[in-house]
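Each remark here refers to the structure printed beneath this line.
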Amino acid sequence: MQIDPRLFRFAPLLAALVFGSWAAYVNSEYGMMVLVRTGVGQGVYALFSTWIVTYTTRRSFEKLGSCAYGLTFSFLSGFAVMALIPIVIHLILGTPEIILAIAPGLIWGSGFVGFYLWTLARAVPTTT
């Protein structure tokens, strides 16, 4: 069964809803302003970062191919973008629980990047 990589175009909207809600929830004990600020901040980040992570991962894969090095570097480049941007955003927002706010996104995002690379690799012949 071949999965069409275009299916991934809806991931940013889902990421915004899920991860924005999570960040708001884990910071809800700090009051409504913090809840809204962190929820919206994480949601907007998740929307745009999913596009950016997908683009970064795809471009790395296109340049390096489906060899072990290409897949590893593509995964790590996507993960680096996925980790660094929210840390900076939450530091600027003053989020009290940064690690709790971004952990689900890093965990699920890693799976997303891995699955996306697997989908891309299945669509092209293996290079060595």
Open item on the list: So, R0 is 30 Å and r is the distance between the beta-carbons of Ile107 and Glu62; what FRET efficiency does that work out to, to 0.05?
Closed with: 0.70
TODO: Would you mind telling me the share, in percent, of accessible area of the chain contributed by carbon and sulfur at probe 1.4 angstrom?
DONE: 75
Open item on the list: Quick check: the angle from helix 98-123's long axis to the longest principal axis of the chain, C-alpha only, nearest 10 degrees?
Closed with: 20
Open item on the list: Keeping all protein chains in the complex and leaving out DNA, RNA and ligands, what accessible area do you get for Phe10 with a 1.4 Å probe, in Å² to the nearest 10?
Closed with: 130
Task: Solvent-accessible area per residue for segment 61-128 (1.4 angstrom probe, square angstrom) - done: 56
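The values are calculated or read from the model by the stated rules, or taken from the named source; none is laboratory data. What you are looking at is a predicted structure, and each value in this text was computed from that prediction instead of being measured. We place every Cβ from the backbone using ideal geometry, glycine too, and count neighbours over all the protein chains shown. Heavy atoms of the whole protein, side chains included, go into the accessibility calculation; ligands, DNA and RNA do not. Shrake-Rupley method; radii C 1.70, N 1.55, O 1.52, S 1.80 Å.
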